[in-house]
Every structure is written in C-alpha cells, then in structure tokens.
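Here the structure is laid out as structure tokens; the discussion comes afterwards.
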Amino acid sequence: MEMMPLKPERKAQLETYAKEHGQSPADALDDLLAAQLEAEQREYDETVQGALRGYEDVKAGRTSSAEDVFAWLRTKHGL
C-alpha cells in the first residue's frame with residue numbers, strides 16, 4: 001500500500017470522522033474520496049450537457065438579444 005502524507009490536522013479530522021462513523025481511517029478516507037470524485041464527475045457531466053444544450057439552442061436559433069435579456073433582468077430585479 002502506498003502511503004501519502006497527511007497534514008496533522010487533516011489526519012486528526014479523518015480519525016475523528018472515522019471513529020464517529022465506526023470505520024477505520026483508511027475505509028473512511030476511501031469512502032469520502034469516492035463520494036467526492038463521484039460528485040465532481042456528476043457536476044462535470046451536468047456542465048457538459050448544459051453547454052451542449054446551449055449550443056444546440058444557438059444552432060436552432062433559440063436565442064434572445066442582449067437588449068432583451070438586460071431588460072428582463074432589470075424588470076426581474078426592479079432596476
């Protein structure tokens with residue numbers, strides 16, 4: 001097993017978290033890291049899909065002028 005250095009305060013946090021969740025520090029770290037990586041992948045996928053939808057909207061002519069958008073924002077925010 002390859003060891004990675006942890007800052008003392010991070011190690012203490014991990015040990016506390018692991019104890020509170022009935023896990024070994026290694027298992028807790030693995031679970032936390034897996035959850036974070038999965039969340040970041042979901043966020044990335046959602047961002048890419050949003051950009052693709054926007055691109056398709058532009059290609060299909062579903063756009064608004066900047067003037068219309070700013071007017072809508074002024075009305076929405078009472079400016």
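Compared with the dominant principal axis of the Cα atoms in the chain, helix 25-59 is inclined by about 10°.
Looking at region 40-79, what % of the alpha carbon pairs are farther apart than 15 Å? Distances greater than 15 Å cover 60 percent of the Cα pairs. Across every direction, the projection of the convex hull enclosing the Cα atoms of the chain has a mean area of 10.4 nm².
When the dipole is taken about the Cα centre of region 40-79, and only Lys, Arg (+1) and Asp, Glu (-1) are charged at their Cβ, what size is it in debye, to the nearest 20? Numbers along the way, then the final one.
Values: 6 positive and 8 negative charges, 48 e Å.
Computed charge dipole of region 40-79: roughly 220 debye.
In order along region 12-22, the phi-based Karplus estimate (6.51 cos²θ - 1.76 cosθ + 1.60, θ = phi - 60°) of 3J(HN,Hα) comes to 4, 4, 5, 5, 5, 4, 4, 4, 5, 9, x Hz; Gly and Pro are listed as x. Computed over neighbours whose Cβ is under 10 Å from that of residue 18, the net charge equals -3, Lys and Arg +1, Asp and Glu -1.
Along the axis of the charge dipole computed for the chain (Cβ charges of +1 for Lys and Arg, -1 for Asp and Glu, origin at the Cα centre), the listed residues 29, 66, 17 are led at the positive end by 66.
Out of the trypsin sites (Lys or Arg not before Pro) in the chain, which ones are loop residues according to DSSP with at most 10 other C-beta atoms within 10 Å?
62
Taken together, the values in this text are just the output of simple stated rules run on the coordinates, not laboratory data. Just so it is clear, the model here is predicted, and its values are computed rather than measured. Virtual Cβ from ideal backbone geometry, glycine too; neighbours counted across all protein chains shown.
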